[in-house]
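Here the structure is laid out as structure tokens; the discussion comes afterwards.
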Amino acid sequence: MGVRSEYRTSDHYYWLTSFLAARGLQRATQRAVVTVVALLATMPLLVMVGTGGPRDTLHVVLAILVTVGGAGIVFLWSRRRWPSRTQSVACAIAATVCISVACLIGPSPAAGLLGATSFAILIALIAFFHTVRLLTFTLAVALVTLVVLAVRVGSADPALAISGTLTVALMCGFVAFACRTAIRVIDSDVLHGEVEPLTGLLDRRGFDDRIATSLSARSREDDRYLVIAVVNLDSFSLVTGLRGAAGGEEARVVVAQALRETVRREAVLAHVSDAEFLVGDLFTDLDPTPLVERIRGAIATAPLRLTASLGVVSTPLLPLAGYPEADVLEELLTIATTAMFDARRAGGNQIRCVLAPRLTVLEPPENPSV
């Protein structure tokens with residue numbers, strides 16, 4: 001029962017944002033939103049300048065305001081930075097009002113019914129990214145708009161009013177149902193898989209599996225090095241204290257994106273606790289300092305200007321052949337975590353590297369005394 005209640009009120013914005021980013025679809029989504037909104041925003045002006053368009057001052061002003069509102073939405077979504085959840089909610093509310101006004105101010109109620117199909121596009125976006133409460137608001141506005149248009153059309157053509165209204169209403173209802181069902185399926189797969197839902201990165205189990213697979217599958221003859229980095233945000237508690245849970249979620253998403261943009265495509269990334277991330281990669285050089293410095297700098301220059309303490313361990317692969325991958329990884333993570341705490345105690349925003357440490361799992365067991 002608690003899961004269903006959480007589902008009904010949950011906002012998928014941040015984890016779906018990361019889900020798209022992890023698959024390289026974030027910019028494509030932004031372009032799609034910008035294109036659709038830009039086209040819809042020009043419709044009131046086209047109606048206004050066309051024959052039979054709104055001629056009284058109020059309708060002209062409303063048409064201009066709708067276009068200006070659409071331009072504002074285009075501006076927010078066309079920036080390189082992905083909009084925040086608050087900005088996205090504001091855009092959704094503004095778009096709901098703008099579509100309703102645009103449908104109602106036209107000279108032809110029948111054309112307004114046709115334009116009301118635009119609600120379906122907005123409903124799809126809200127159903128995927130936001131809460132049921134916001135979706136209900138948009139559906140309610142769409143329904144009121146359809147009723148008003150149906151009354152106007154019905155005075156001249158009742159059959160058109162009924163068929164047109166039902167068609168648009170069924171379209172909006174089906175889109176809302178289909179999108180919410182799809183996001184529930186995706187949510188279920190993510191929550192029960194090896195992906196942490198908020199950031200779109202692997203969880204601890206997924207990280208362990210990928211590194212263990214890499215250790216067991218890769219030849220040790222190439223004399224490469226396994227690098228494990230523990231990244232801990234220094235000021236995460238301050239962010240949550242000042243901005244609440246939503247600020248903490250945004251911080252984790254921002255850091256996850258900074259990591260994706262900094263490491264190699266083959267690197268293994270994980271989010272394992274509120275303020276902690278893991279990075280695993282294979283190097284041809286024992287010293288990973290250049291990469292780790294880039295990670296620290298990327299976090300510091302990300303939108304929220306956070307800092308992080310990093311503990312890093314780098315060890316040759318060749319001596320690891322034949323030893324249990326889980327035991328090797330556990331000891332390496334312990335070494336990297338200890339190094340991370342050393343960096344935190346030194347003031348944070350620092351790096352501590354441990355190169356080619358002596359691993360106890362590689363030491364032969366002591367012979368029992370006879």
Exercise. Taking the range 264-289 on its own, how many of its residues are of a type outside the set (D, E, K, R) and either surrounded by fewer than 21 Cβ atoms within 10 Å (Cβ to Cβ) or out of contact with any strand residue (DSSP E or B) (no Cβ under 7 Å at 6 or more places or on another chain) (or both)?
Worked result: 8
Exercise. Since Glu363 meets every condition but one in (1) of a type outside the set (Gly, Ala, Ser); (2) surrounded by fewer than 20 Cβ atoms within 10 Å (Cβ to Cβ); (3) assigned by TED's automatic domain parsing to the domain that holds Thr262, which condition does it not meet?
Worked result: (3)
Exercise. Can you tell me which of Gly164, Gly154, Gly206 is surrounded by 17 or more Cβ atoms within 10 Å (Cβ to Cβ) and either in contact with a Phe, Trp or Tyr (Cβ under 9 Å, 6 or more places away or on another chain) or more than 28 Å from Ala251 (Cβ to Cβ) (or both)?
Worked result: Gly164
Exercise. Mind checking which residues of the range 277-323 are among the charged types (D, E, K, R), closer than 21 Å to Ala258 by Cα and modelled with pLDDT under 90?
Worked result: Arg305
Seminar exercise, completed: Inside the range 151-179, the number of residues satisfying the requirement of being of a type in the set (D, E, K, R) and not in a helix (DSSP H, G or I) is 1
Exercise. Any residue at all in the range 288-304 that is in contact with a Leu (Cβ under 9 Å, 6 or more places away or on another chain) and small (Gly, Ala, Ser)?
Worked result: yes
For this session: Determine whether Arg243 is out of contact with any His (no Cβ under 6 Å at 6 or more places or on another chain), over 26 Å from Asp342 (Cβ atoms), modelled with pLDDT under 85 and not in a strand (DSSP E or B).
Result: yes
Exercise. Given the residues Pro319, Pro324, which is the only one that is surrounded by fewer than 14 Cβ atoms within 10 Å (Cβ to Cβ), within 18 Å of Thr360 (Cβ to Cβ), without any contact (Cβ under 8 Å) to a residue 40 or more places away in the chain and not polar (S, T, N, Q)?
Worked result: Pro324
Exercise. Restricting the first residue to the range 237-255 and requiring it to be small (Gly, Ala, Ser), which pairs with a second residue that is part of a helix (DSSP H, G or I) meet a Cβ separation below 7 Å and a spacing of at least six or different chains?
Worked result: Ala246/Arg85; Gly247/Val239; Gly247/Thr240; Gly248/Phe236; Gly248/Val239; Gly248/Thr240; Ala251/Phe236; Ala251/Val239
Exercise. Among helices (runs of 4 or more DSSP H) lying entirely in the range 10-100, which contain 2 or more residues that are over 30 Å from Leu269 (Cα atoms) and modelled with pLDDT of 90 or more?
Worked result: 26-49, 57-78
For this session: Identify the residue in the range 101-139 that is among the polar types (S, T, N, Q) and in a helix (DSSP H, G or I) and, among all such residues, is nearest to Asp56 (Cα to Cα).
Result: Ser118
For this session: Being under 23 Å from Phe341 (Cα atoms) and part of a helix (DSSP H, G or I) is the filter here, so list the residues in the range 302-328 that pass it.
Result: Ala326, Asp327, Val328
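The values are calculated or read from the model by the stated rules, or taken from the named source; none is laboratory data. What you are looking at is a predicted structure, and each value in this text was computed from that prediction instead of being measured. Virtual Cβ from ideal backbone geometry, glycine too; neighbours counted across all protein chains shown.
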